[in-house]
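Since the structure comes first, as structure tokens, the remarks are kept for the end.
The values are calculated or read from the model by the stated rules, or taken from the named source; none is laboratory data. Since the model is a prediction, treat every value here as computed from it, not as a measurement. Virtual Cβ from ideal backbone geometry, glycine too; neighbours counted across all protein chains shown. Heavy atoms of the whole protein, side chains included, go into the accessibility calculation; ligands, DNA and RNA do not. Shrake-Rupley method; radii C 1.70, N 1.55, O 1.52, S 1.80 Å.
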Amino acid sequence: MEAEAALVRAAMPAARVGISGATAEGARAAVDDLVRQGVEALLSFGLAAGLDPDLRPGAVLVPRHVRLPDGRLLAAAPRLLAWLGDGRPDRVSTDLLHSDDIVATAGRKGALFRSTGCAGLDMESGFVAEGAERAGLPFAVLRVVCDPAGRSLPPAAVLALQPDGGIGLGGILLSVLRRPVQIPALIALGRDAAQARARAVQVLRDIA
């Protein structure tokens, strides 16, 4: 998303950034463009859904593997893991699950945790890992938990994502007008997203 890309640009001005917009097409295109630019490594960065019920918003994920929907595990590069702080007590190294669709309910998150053991989930890291494998490049993942395992996303949050990496305020407002009961859940999600982004800024400053 654009908000996460802005964090990277501020902390690492020389880094080349691609925005997926939380879509498969956007993620593939962003990875391919970075490879064409001649980058030496790929990093999947941003927020993630928690699958491990023990993880709270702001938990930092530095997974050693990305698990694809077909069950394959793609390994992150050891030297990049070390750079990101793998092994520190404030890092979670359990594998990350890639999903091709939004996992919005607590029930589905719980089922995925039980079946995969992955600590978190996102919709981009699988494409980064596969793109790195095709290009012969090292990759790693740095994600911060935003919505915890026990929370189901309100409908407006699912509608908010736009392919350009921005937030669709019109869709959010329309959804809230139709179902105002979701307002408290949206406020909680916004609070946790702000906490996760603040933690992401701290981590980027540590490694920059």
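For the chain, which whole-number percentage of the solvent-accessible area (1.4 Å probe, protein heavy atoms only) is attributable to carbon and sulfur atoms?
Percent of accessible area from carbon and sulfur atoms in the chain: 58.
Can you give the accessible area of THR23, probe radius 1.4 Å, in Å² rounded to 10?
40
Rounded to the nearest 20 Debye, what is the dipole magnitude of region 2-207 about its Cα centre when Lys and Arg each give +1 and Asp and Glu each give -1 at the C-beta?
Result for region 2-207 is approximately 460 debye, rounded to the nearest 20.
With springs only between Cα atoms under 10 Å, which of LEU73, LEU173, LEU43 fluctuates most in a Gaussian network model of the chain?
LEU173
Does region 59-146 classify as rounded, prolate or oblate by the C-alpha gyration tensor (a ≥ b ≥ c root eigenvalues; a/c under 1.5 gives rounded; else a/b over b/c gives prolate, otherwise oblate)?
The shape class here is oblate.
Counting Lys +1, Arg +1, Asp -1, Glu -1, what net charge surrounds ALA82 among other residues with beta carbon under 12 Å of its beta carbon?
+3
For region 2-207, what proportion of DSSP beta bridges, expressed in % and rounded to the nearest 5, is antiparallel?
Of those bridges, close to 35 percent are antiparallel.
Counting helices only, and only those DSSP H runs with n ≥ 4, report the 222 nm mean residue ellipticity of the chain as the sum of -39,500 (n - 2.57) divided by its residues, in deg cm²/dmol to the nearest 500.
Calculated from helices alone, the mean residue ellipticity at 222 nm is -13500 deg cm²/dmol.
In a shell of Cβ-Cβ distance under 12 Å around PRO63, excluding PRO63 itself, what net charge do Lys and Arg (+1) and Asp and Glu (-1) give?
0
What per residue convex hull volume, in Å³, do the alpha-carbon atoms of region 93-139 yield?
Spelled out: Cα convex hull of region 93-139, divided by residues, is 71 Å³.
Mind listing the Cα extents of region 1-118 along all three principal axes, in Å, largest one first?
39, 33, 27
Could you give the radius of gyration (one decimal) and Dmax (whole number) of the Cα atoms in the chain, in Å?
16.2, 49
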